[in-house]
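Colleague: Below you will find the structure I want to go over with you.
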Amino acid sequence: MVEPGALLYEGKAKKVYATPSPDRVVVEYKDDATAFNGQKRGTIEGKGAVNNRMSNLFFRLLEAHGVPTHFVEELSERRTVVRRVDIVPVEVVVRNLAAGSMAARLGIPEGTALRRPIVEFYYKNDELGDPLVTPDHVEVLGWASAEELEEIRRLALRVNEVLGEFLAAQNVRLVDFKLEFGRTGDGRIVLADEISPDTCRFWDLKTGEKLDKDRFRRDLGGVEQAYQEMMRRVEGGLGR
């Protein structure tokens, strides 16, 4: 059992601890909830446990389908050992339907189907509101090389393909989601951060009911129940 050491970082949703190994850290998921770049704050009871477990299940599924991740070992319901990576300061958003900021920005009705998945890049900077940027911005400003961006885009679309197919079998539509990628010590690009109701839009395939953080963002109620329902469907689909 890996024992967490010194606290290295605390963010809005997670704490990161050192370990005896320089290339491993422990991530601890919190119940704290934020929206709109920290402007709205609250607590979602049990969120940390759901996000930790669901992310790890998804990471294992994706690893089995050729997507490298930072996942190493689940320690407890809230803690996981991951590879220490240098995070690329760009959030990668894959969209299958128009929703959230895209729908608002372009005046498109939420739920409009897209002809093909769209990949967007956002500069990771809360103070600036995580602005939308182009691949040229990312390359010219030195956040990632053209080759790294091509690999990130390829992996993001592969994640969309694998999770979209899996979730559809659980009667869940993968509307859109945010990913983060990092570089390992040898420069390899791997999927990092988390994949959970915090970072994805999950809609019931039949009813359109939201099963994600939008219930918190929009004061829809039933937030904890939605997270637990998504956990039930994911575990059921993976036979856990």
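Colleague: Quick one: count up the residues across the stretch 9-29 that are surrounded by 14 or more Cβ atoms within 10 Å (Cβ to Cβ) and free of Cβ contacts under 8 Å to residues at least 24 places away in the same chain.
Modeller: So the answer is 4.
Colleague: Give me a count of the residues in the stretch 58-77 that are in contact with a helix residue (DSSP H, G or I) (Cβ under 9 Å, 6 or more places away or on another chain) and crowded, with 20+ Cβ neighbours inside 10 Å.
Modeller: 6
Colleague: Another question, then. What's the number of the only condition in (1) among the charged types (D, E, K, R); (2) part of a helix (DSSP H, G or I); (3) surrounded by 13 or more Cβ atoms within 10 Å (Cβ to Cβ) that GLU147 fails to meet?
Modeller: Just one mismatch for GLU147, condition (3).
Colleague: Restricting to strands (runs of 3 or more DSSP E) lying wholly in the stretch 159-225: which have 1 or more residues that are outside the structural domain of ALA64 (by TED's automatic domain parsing) and closer than 20 Å to MET102 by Cβ?
Modeller: Because the criterion is at least 1 residues that are outside the structural domain of ALA64 (by TED's automatic domain parsing) and closer than 20 Å to MET102 by Cβ, the strands (runs of 3 or more DSSP E) in the stretch 159-225 that meet it are 172-183, 200-204.
Colleague: For the stretch 48-92, name all the residues that are assigned to a strand (DSSP E or B) and more than 14 Å from the chain's Cα centre (by Cα).
Modeller: Once the filter is applied, which keeps residues that are assigned to a strand (DSSP E or B) and more than 14 Å from the chain's Cα centre (by Cα), the stretch 48-92 yields VAL72, GLU73, GLU74, ARG79, THR80, VAL81, VAL82, ARG83, ASP86.
Colleague: Taking the residues in the stretch 93-110 that are small (Gly, Ala, Ser) and more than 17 Å from the chain's Cα centre (by Cα) as candidates, determine which candidate is nearest to LYS210 (Cα to Cα).
Modeller: Once the filter is applied, the top-ranked residue is ALA98.
Colleague: Separate question: Name every residue in the stretch 94-142 that is of a type in the set (Ser, Thr, Tyr) and over 22 Å from ASP198 (Cα atoms), in order of residue number.
Modeller: Listed by number, the list holds a single entry, THR134.
Colleague: Restricting to the stretch 191-231, name every residue that is crowded, with 20+ Cβ neighbours inside 10 Å and of a type in the set (A, V, I, L, M).
Modeller: Passing the criteria: LEU191, ALA192, ILE195, LEU211, VAL223, ALA226, MET230, MET231.
Colleague: Taking VAL16, is it part of a strand (DSSP E or B) and out of contact with any Ser or Thr (no Cβ under 8 Å at 6 or more places or on another chain)?
Modeller: The answer is yes for VAL16.
Colleague: Restricting the search to the stretch 129-142, which residues are in a loop (DSSP other than H, G, I, E, B) and either surrounded by fewer than 17 Cβ atoms within 10 Å (Cβ to Cβ) or touching a helix residue (DSSP H, G or I) at 6+ places or on another chain (Cβ under 8 Å) (or both)?
Modeller: Of everything in the stretch 129-142, those that are in a loop (DSSP other than H, G, I, E, B) and either surrounded by fewer than 17 Cβ atoms within 10 Å (Cβ to Cβ) or touching a helix residue (DSSP H, G or I) at 6+ places or on another chain (Cβ under 8 Å) (or both) turn out to be GLY129, PRO131, THR134, LEU141, GLY142.
Colleague: Continuing with this model, one more query. Quick one: in the stretch 40-81, which of the residues that are of a type in the set (Val, Ile, Thr) and in contact (Cβ under 8 Å) with a residue 60 or more places away in the chain is nearest to GLU165 (Cα to Cα)?
Modeller: So, considering only residues that are of a type in the set (Val, Ile, Thr) and in contact (Cβ under 8 Å) with a residue 60 or more places away in the chain, the one nearest to GLU165 (Cα to Cα) is VAL67.
Colleague: Within the stretch 201-219, which residues are of a type outside the set (D, E, K, R), out of contact with any Phe, Trp or Tyr (no Cβ under 6 Å at 6 or more places or on another chain) and at negative phi?
Modeller: Once the filter is applied, which keeps residues that are of a type outside the set (D, E, K, R), out of contact with any Phe, Trp or Tyr (no Cβ under 6 Å at 6 or more places or on another chain) and at negative phi, the stretch 201-219 yields PHE202, TRP203, LEU205, THR207, PHE216.
Colleague: Are any of the residues in the stretch 31-39 farther than 23 Å from TYR123 by Cβ, part of a strand (DSSP E or B) and among the charged types (D, E, K, R)?
Modeller: yes
Colleague: Does the stretch 150-161 hold any residues that are aliphatic (A, V, I, L, M) and surrounded by 18 or more Cβ atoms within 10 Å (Cβ to Cβ), and which are they?
Modeller: Those that are aliphatic (A, V, I, L, M) and surrounded by 18 or more Cβ atoms within 10 Å (Cβ to Cβ): ILE152, LEU155, ALA156, VAL159.
Colleague: Looking at the stretch 162-171 only, could you name the residues that are surrounded by 15 or more Cβ atoms within 10 Å (Cβ to Cβ), in contact with a Gly (Cβ under 9 Å, 6 or more places away or on another chain) and of a type in the set (A, V, I, L, M, F, W, C)?
Modeller: Correct list: VAL162, PHE166, LEU167.
The values are calculated or read from the model by the stated rules, or taken from the named source; none is laboratory data. Please read all numbers here as calculations on a predicted model, not as lab measurements. Ideal geometry is used to build each Cβ from the backbone, glycine not excepted, and the neighbour counts take in all protein chains shown.
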